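Below is one structure, written out as structure tokens; the observations come after it.
The values are calculated or read from the model by the stated rules, or taken from the named source; none is laboratory data. Not measured: the values here are computed from a predicted model. Cβ coordinates were reconstructed from backbone atoms using ideal geometry, including for glycine residues, and neighbour counts include every protein chain displayed.
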């Protein structure tokens with residue numbers, strides 16, 4: 001089975017889109033390109049970026065090999081489409097299995113949506 005696509009939608013530097021499979025190597029080498037990218041952004045964008053990076057790490061930890069987290073910026077065509085489809089604002093959202101789950105609902109809500117989508121896919 002191919003991994004389930006989990007879209008992480010927000011306004012932040014799309015670091016994980018550029019290098020999703022190398023984050024463990026980057027962290028092991030004590031490189032912090034995400035922090036360097038974030039320093040020039042407004043505080044609320046930085047906070048959202050850190051929340052989404054943490055969410056990405058937890059998804060990879062809990063669902064390794066079963067999900068494919070994809071970074072989607074609101075400013076991209078895909079981001080614009082998702083924001084129209086789900087009537088979203090600029091807040092961070094996880095889109096999985098045809099549902100949009102606000103990150104503000106907590107990791108439990110995101111994990112439940114991913115678990116449900118995985119069960120429906122199998």
Looking at (1) modelled with pLDDT of 85 or more; (2) surrounded by fewer than 14 Cβ atoms within 10 Å (Cβ to Cβ), find the lone condition where residue 30 falls short. (1)
Could you tell me which of the residues 92, 69 is under 10 Å from the mean Cα position of the chain (by Cα), buried (at least 18 other Cβ atoms within 10 Å of the Cβ), at pLDDT below 95 and farther than 19 Å from residue 3 by Cβ? 92
Please go through region 95-122 and give me each residue that is part of a loop (DSSP other than H, G, I, E, B) and either within 20 Å of residue 47 (Cα to Cα) or at pLDDT below 90 (or both), ordered by number. 106, 122
Checking the condition under 18 Å from residue 9 (Cβ atoms), surrounded by 11 or more Cβ atoms within 10 Å (Cβ to Cβ), at pLDDT below 90 and under 16 Å from the mean Cα position of the chain (by Cα), which residue from 82, 59, 52 passes? 52
Does residue 104 satisfy being closer than 13 Å to residue 8 by Cβ and surrounded by fewer than 16 Cβ atoms within 10 Å (Cβ to Cβ)? no
